[in-house]
Amino acid sequence: MQSDLPGYKVSAVEAWIAENVPDLKPPFEWTRLEGGHSNLTYRLKDMNGKDAVIRRPPEGQLLPKAHDMSREWALISALGQTPVPVPAAYGFCESPDITGAWFYVMGWVNGKPLYTADDTNALIPEAERRNTAFSFIDVLADLHSVDPDEVGLGDLGKRDSYVARQLKTWYRSWTASVDDAQFDDPRAHELQQYFLDHLPDQGPIRIVHGDYGLHNVLIGPDHSVAAVVDWEISTLGDPMADLAYAVIQFPDPAEGIDPKPDAATSVPGFPARAELAARYAAKTGRDLSRLNYYIGFNRWKGAAIIHGVYARYRAGKKSTEGIDMDEMFERIGRSLDLAEQAVNRAG
């Protein structure tokens, strides 16, 4: 019999699955999967050789909205009826009595995420990378074409200005981190004011993934997106913010901005950012004339996120073992540089 695993009372979980998920037959072979924002994620192989995935939050005290299993479950359940590829939704347990936290079980998808250039080189032949990128952007276009009200996700989040709310949240993070970081940059404040002063009309509310990148999709054997995963920060909002976050991960030779040397998209064969944006526009009919505003916003937000992490390290709230603090500090400035460049292009 399988012994208990971190976060899982195996016998109790298998008994719950036996009663609530008719597609699976315990006992299982459990294999730990890495990635996924520290959630405890395992591949399960049942007695008939069928594979599934189980997922729960990490152990210990969590922030109120962190690692939201119910949100992920709601999304994969609802999006399963749309063209957006997601794992099959098998079962959701909201009783912490079973294993100490909510968890859900979903279908296994034959695919892998791309975190680094090494991942891309190992999984995607150079001649296939354009098609991989096109599949990636087409899936995002499909997501942004879903009316959340029509699939039962109309209450996924607030409907007022997504970007304005993000600006408030991440500016508060920046100012709260200044003392611990022992670093401030006037551009962070100037840019925040620019984004508020030039806030675009949001347009129709859509589902935004919030972290849509090659690290959060599974690339299948045909080198296209087999499934989108890690929906835990998804909400309702402005699809243009999602698009900008997605495309800035790709090269843009016209602007002289390249991905990080070890990034998944730093290797040859991927289309330029402008080509992906044009493909998205053709599929959705959206006006991308304000895209540089959203790119600048995402770069600024990235600077605020890194600044907050840097501050926690400097304050001794996280161990700096194995962390290149100088490189992290440089990333803050580099993100603000790129935000400025985007704002200058926006005019």
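What follows is calculated from the coordinates using simple rules that are stated; it is not laboratory data. What you see is a predicted model, and the numbers here were worked out from it, not measured in a lab. Cβ sites come from the backbone with ideal geometry, for glycine too, and all protein chains shown count toward neighbours.
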Of the beta bridges DSSP finds with both residues in the chain, what % are antiparallel, to the nearest 5? 100
Lys, Arg +1 and Asp, Glu -1 on Cβ, resulting dipole of the chain about Cα centre, debye, nearest 20: 240
Listing ARG55, ARG172, ARG286 from the residue with the fewest other Cβ atoms within 10 Å to the one with the most, what is the order? ARG172, ARG286, ARG55
Note to self: C-alpha centroids of segment 278-347 and segment 128-207 sit apart, in Å, by 12
Between ASN110 and ASP197, the two model label points (7 Å from Cα along the beta-carbon direction) sit apart by a distance in nm of 5.6
Can you sort HIS198, HIS209 from fewest to most other Cβ atoms within 10 Å of each residue's own Cβ? HIS198, HIS209
Three-way shape call for the chain based on the alpha-carbon gyration tensor, with the a/c threshold at 1.5: prolate
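If you rank TYR313, TYR245 by fewest surrounding Cβ atoms within 10 Å, what's the result?
Numbers: TYR313 17, TYR245 23.
Ordered from fewest to most neighbouring Cβ atoms within 10 Å, TYR313, TYR245 come out as TYR313, TYR245.
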Residues of segment 133-160 with amide nitrogen under 15 Å from the 7 Å Cα-to-Cβ point of GLN81? 146-155
Once fully extended, how much extra length lies between ASP160 and GLU128, figured as 0.36 nm per residue of separation less the alpha-carbon to alpha-carbon distance? 7.5 nm
When only Cα pairs under 8 Å and 6 or more residues apart are kept, what is the percent relative contact order across the chain? 17
Extension gain GLU190-ALA315, at 0.36 nm per residue separation less the Cα-Cα distance, in nm? 42.4 nm
Calculated FRET value between LEU5 and ASP51, using beta carbons and R₀ = 25 Å, to 0.05: 0.90
Using only helices, what value at 222 nm comes out for the chain when you add -39,500 (n - 2.57) per DSSP H run of length 4 or more and divide by the total residues, to the nearest 500 deg cm²/dmol? -13500 deg cm²/dmol
Gain on full stretching of the segment that runs from ARG290 to SER70 - 0.36 nm per residue minus C-alpha separation: 75.8 nm
